[in-house]
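Note sheet for the following structure.
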């Protein structure tokens with residue numbers, strides 16, 4: 001590779017390096033964006049680092065067996081279309097807030113401080129596409145309410161009329 005590059009003009013070598021760097025950084029930037037979301041509330045905008053789960057297997061595991069979660073961390077469940085969903089806390093060791101969000105990123109309802117190990121179902125109370133789990137009580141701290149907005153790369157911006 002080095003011998004081949006030595007035969008190229010400096011401009012072609014620079015272009016080759018730029019293409020190689022772009023090829024490496026593009027997937028990394030997409031990964032970084034996928035793991036960030038913002039909740040817009042009446043008290044401000046709050047960013048979270050999230051793990052996105054979007055298969056039956058990853059959604060089934062969720063945050064089970066996790067023993068701590070940073071205040072700006074969470075898990076975003078993507079069901080890929082709107083539907084009624086229900087969650088439980090079996091094998092979950094920490095309290096969680098569950099934020100039920102429609103396909104447009106609008107918060108439909110919030111369940112605060114789901115109790116660890118509780119097998120009782122926690123329903124979405126209507127069709128949603130996303131459920132965000134964050135540390136228990138955090139939604140109250142940031143003033144999150146139904147009607148607030150969640151921004152994430154997976155949420156399509158509705159077309160203007």
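Structure summary
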{"item": "Nitroxide proxy distance, nm - points 7 Å out along Cα→Cβ at residue 71 and residue 117", "result": "2.8 nm"}
{"item": "Overall dimensions of segment 37-151 by Cα: Rg and Dmax, Å", "result": "12.7, 36"}
{"item": "Globularity ratio of segment 67-135, using Cα Rg and 2.2 N^0.38 Å", "result": "1.05"}
{"item": "Highest to lowest packing among 116-124, 139-147, 74-82, scored as the average C-beta count within 10 Å", "result": "74-82, 139-147, 116-124"}
{"item": "Mean separation of Cα contacts under 8 Å (6+ apart) over length of segment 37-151, as relative contact order %", "result": "33 percent"}
{"item": "Ascending count of other beta-carbon atoms within 10 Å, so fewest first, for 84, 148", "result": "84, 148"}
{"item": "Segment 115-152 and segment 29-79: distance between their alpha carbon centers, rounded to Å", "result": "11 Å"}
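Each reported figure results from applying straightforward, stated rules to the coordinates on display, with no laboratory input. Worth saying up front: this structure is predicted, and the values here are computed from it rather than measured. Glycine also receives a Cβ, built like all others from the backbone with ideal geometry; neighbour counts cover every protein chain displayed.
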